[in-house]
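Below is one structure, written out as structure tokens; comments come after it.
What follows is calculated from the coordinates using simple rules that are stated; it is not laboratory data. From a predicted model like this one, the values you see are computed outputs, not experimental measurements. Here the Cβ positions follow ideal geometry from the backbone for every residue, glycine too, while neighbour counts run over all protein chains shown.
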Ligand code: TRP
């Protein structure tokens, strides 16, 4: 068997993990879920979820991946718990499910790069999204996005993924800070900050049942949890890295990017509409596109340049996440059956493309795929990982957390305790609320 690759540098791993984490979840989904779920109350729950539940959970995936040193499915086998390979498989399928509509949104982003360059949406920034988000053109661009993802994965970890993500994190931060500052200077953005940053706890109490599952699942989605992505990435990691240090840095950077994206999109929506548009009236998946495109249109020629740069960065972020979703499945088949990497990557990409045509054809499908992923698939998958790490693998997991840290024993013990108790309970409540939500209003299109 060929020697398994490892990350060339520690920074390479961190950037690749941040590259996986930072994506459409932060830039597209976080702002729109925030506006759909009441603003700051959602942000508040999200922050708690990211640090108190997301961080312990990501460490759990790192433990599994580094210890097993193999893809996310066989990892459980190698840790001598073969029955749990089912969990890896569930994660893998969840990843493919999510990638199917993620790629459609990636296609929209490609579209907006081109349309920024030509100024195609400048006459009607609000309406343009509606014209281009569904139908044949959306299917074509979804295919282009999927194909690009497959090409990167075909090249393998070091040459493909590590190189592709190196420039991304700094450029995203710079672009977002620039746009956030610009949005702040615009007339009418003022009230956005209260809406976004000052939580209304009565609102939270009254809408607990819908805010919590979305906010917690948003944290999972954004941290690339529950799909074997972090297990797979950590499997390429050496024993001298500190998992707690790397994990914390990844969570902080990822959260910062989400918050910044909100600081761009929400003020821009207020500038345009005086508030965040109602989801029913279209203030949903289009928030990012509609929010910023008005600004680029107002800026004229400069707006074309900014528009291309902005959506270009969003595209890089989306691609670096998409490759991690595809890598989970590809590395499983390559490790396990010895198939050719490029053929495998393109094979999966083709299947995912086919599934995603539904979402590209009608946005109602996209919403349905997304709800099911949020309310059921992600929490189920994270719950199983948490149970495994906490209760099945327990003590050995503590050893793994301590490796590469100086001492670190107290942290490791506290971590195991958290995984076994409140993290487990939190994920369980999220799943329960998510399922009740879906059950109350089954969002199946055309029924
Ligand atoms: N975290 C990515 C984002 O925010 C999406 C993503 C990549 C993902 N890999 C994942 C989500 C694995 C869940 C699981 O855009």
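Roughly how many Å is it from the Cα centre of the stretch 6-55 to that of the stretch 411-437, as a whole number? Value for the Cα centre distance between the two parts: 18 Å. Gain on full extension, evaluated as 0.36 nm per residue between residue 399 and residue 147 minus their Cα-Cα distance, stands at 86.7 nm. Between the stretch 168-205 and the stretch 369-408, how many Å separate their Cα centres? Going from one Cα centre to the other spans 32 Å. Expressed per residue, the C-alpha convex hull volume of the stretch 10-440 stands at 127 Å³. Note on residue 432 and residue 341: their simple-model spin labels are 4.5 nm apart, each label 7 Å out from Cα toward Cβ.
Modelled this way, with points 7 Å down the Cα-to-C-beta line, the labels at residue 114 and residue 440 are 4.2 nm from one another. For the peptides 317-326, 190-199, 355-364, 69-78, residues were scored by their other Cβ atoms within 10 Å and the scores averaged per peptide; the highest-first order is 317-326, 69-78, 355-364, 190-199. To the nearest 0.05, what FRET efficiency results for residue 240 and residue 392 with a Förster distance of 30 Å applied to their C-beta separation? Working from the Cβ atoms, E equals 0.65. To the nearest ten degrees, helix 287-298 and the longest principal axis of the Cα atoms of the chain are 40 degrees apart.
Using C-alpha pairs under 8 Å with a sequence gap of at least 6, the mean separation divided by the residue count of the chain gives a relative contact order of 34 percent. The angle between the Cα long axis of helix 341-361 and the longest principal axis of the Cα atoms of the chain comes to about 40 degrees, rounded to the nearest 10.
Can you give the extra length, in nm with one decimal, that the chain gains between residue 301 and residue 181 once fully stretched, where that is 0.36 nm per residue apart less the Cα-Cα distance? Provide the component values of the computation, followed by the final result.
Working: separation 120, 0.36 × 120 = 43.20 nm, distance 1.98 nm.
Here the answer is 41.2 nm.
Inter-label distance, residue 364 to residue 80: 5.4 nm, where each label sits 7 Å from its Cα along the C-beta direction. Stretching residue 124 away from residue 136 to a fully extended chain increases their span by 2.2 nm, per 0.36 nm per residue minus the current alpha-carbon distance.
Between the helical axis of 378-387 and the dominant principal axis of the chain, each derived from Cα atoms, what acute angle in degrees is found, rounded to the nearest 10? For helix 378-387, the angle is close to 20 degrees.
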